[in-house]
Amino acid sequence: MRLKNIQNLLKERKIQYTYTEEDGLGSIDFEYRGVSYHIWEFEDGAAGAESNLRSGGRMEEFTGDYEEQLLEILQVFR
């Protein structure tokens, strides 16, 4: 299982989500206040994730400690 800390936070906040894993990379989809959010891990030379958490309609890439960066953004989802 990937993106475990993000999944734990979503469970803690009682936000329903869908998790899938393919080729060892995780993907999370959920809806919050009527907006669909996505987190997709990728490995294209360097590991990272693509997500629209910061602005619901625009995807951006996160690299380095991307799960920690995404968790920080998720703190506003209550």
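Are there any pairs, at least 6 apart or on different chains, whose C-beta atoms fall under 6 Å, with the first in the stretch 26-42 and more than 19 Å from Asn8 (Cα to Cα) and the second surrounded by fewer than 18 Cβ atoms within 10 Å (Cβ to Cβ), and if so, which?
Pairs found: Val35/Gly56; Phe42/Gly48.
Somewhere in the stretch 44-62, is a residue exposed (fewer than 11 other Cβ atoms within 10 Å of the Cβ) and outside any loop (DSSP other than H, G, I, E, B)?
No - not one qualifying residue is present in the stretch 44-62.
Applying the selection to the stretch 69-78, what residues are outside any loop (DSSP other than H, G, I, E, B) and without any contact (Cβ under 8 Å) to a residue 60 or more places away in the chain?
Of everything in the stretch 69-78, those that are outside any loop (DSSP other than H, G, I, E, B) and without any contact (Cβ under 8 Å) to a residue 60 or more places away in the chain turn out to be Gln69, Glu72, Ile73.
Counting only residues that are in a helix (DSSP H, G or I), open to solvent by 100 Å² or more (accessible area, probe 1.4 Å) and farther than 21 Å from Ala46 by Cα, how many does the stretch 1-31 have?
Residues meeting the conditions: 2.
Picking from Ser36, Ser51, Ser55, which residue would you name as being among the small types (Gly, Ala, Ser) and within 11 Å of the chain's Cα centre (by Cα)?
Checking each option against the conditions leaves just Ser51.
Among all residue pairs at least 6 apart or on different chains, which show Cβ distances below 8 Å where the first residue, located in the stretch 1-25, is farther than 18 Å from Tyr66 by Cα and the second is at pLDDT below 95 and open to solvent by 100 Å² or more (accessible area, probe 1.4 Å)?
Arg13/Arg78
Would you pick out the residues in the stretch 32-43 that are among the charged types (D, E, K, R) and open to solvent by 60 Å² or more (accessible area, probe 1.4 Å)?
Those that are among the charged types (D, E, K, R) and open to solvent by 60 Å² or more (accessible area, probe 1.4 Å): Arg33, Glu43.
The values are calculated or read from the model by the stated rules, or taken from the named source; none is laboratory data. Just so it is clear, the model here is predicted, and its values are computed rather than measured. Note that we place each Cβ from the backbone using ideal geometry, even for glycine, and neighbour counts take in every protein chain shown. For the accessible areas, the whole protein counts, side chains as well, though only heavy atoms, and no ligand, DNA or RNA atoms are used. Shrake-Rupley method; radii C 1.70, N 1.55, O 1.52, S 1.80 Å.
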